[in-house]
1. So, of the residues in the range 108-135 that are modelled with pLDDT of 95 or more and assigned to a helix (DSSP H, G or I), which turns out to be least open to solvent (accessible area, probe 1.4 Å)?
2. Is it the case that the range 139-157 has a residue that's part of a helix (DSSP H, G or I), free of Cβ contacts under 8 Å to residues at least 60 places away in the same chain and closer than 19 Å to GLY11 by Cβ?
Amino acid sequence: MKHSVLFICLGNICRSAAAEGIMKHIVEQHNLADSFVIDSAGTSGWHAGELPDRRMRSHGADHGYDFSSRSRQFKTEDFDRFDNIVVMDNENYYDVMSMARNEEDKKKISYLTAYTKNHPNHRYVPDPYYGGDRGFEIVIELLEDGCMGLLEHLVPYIKR
């Protein structure tokens, strides 16, 4: 049985798409790829079908990541498909929470920053879309930290 994780941001072309790529990379490094289903989605459908933002793909490639998933919009059915739904900021949290059908759905939702260890002053992952290069680098640093912490949190629940 695989453990499933869905990363959420607004458009699914920067933060959540990068989190998906980073998490896939980390689980592969730990020989756990067969134990996970990892995906990403956006609370909006503005960019449905698009590749991640070219700047995010470029910064990801500089770190050895492949950010090549296609954007899609979060759907209520995702609560049935995923064990963990990991959001990037407050807006994403409230949007996904508003779609939750029951307490079981709500329990699946968490902030990525809940799993960071090296960035205690960040309560959310900022959207780099309207910023410069440093914003994309900060996002990658936060995602690496949070994805590693999330993996450490989930390892005890993985059935091999």
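The values are calculated or read from the model by the stated rules, or taken from the named source; none is laboratory data. All figures in this text were calculated on a predicted structure; none of them were measured in a lab. Methodologically, a virtual Cβ is constructed for each residue, glycine included, from the backbone with ideal geometry; neighbour enumeration extends over all protein chains shown. Quick note on the areas: whole protein, heavy atoms, side chains included, nothing else; ligands and nucleic acids left out. Shrake-Rupley method; radii C 1.70, N 1.55, O 1.52, S 1.80 Å.
1. So, considering only residues that are modelled with pLDDT of 95 or more and assigned to a helix (DSSP H, G or I), the one least open to solvent (accessible area, probe 1.4 Å) is LEU112.
2. Yes, some residue in the range 139-157 is part of a helix (DSSP H, G or I), free of Cβ contacts under 8 Å to residues at least 60 places away in the same chain and closer than 19 Å to GLY11 by Cβ.
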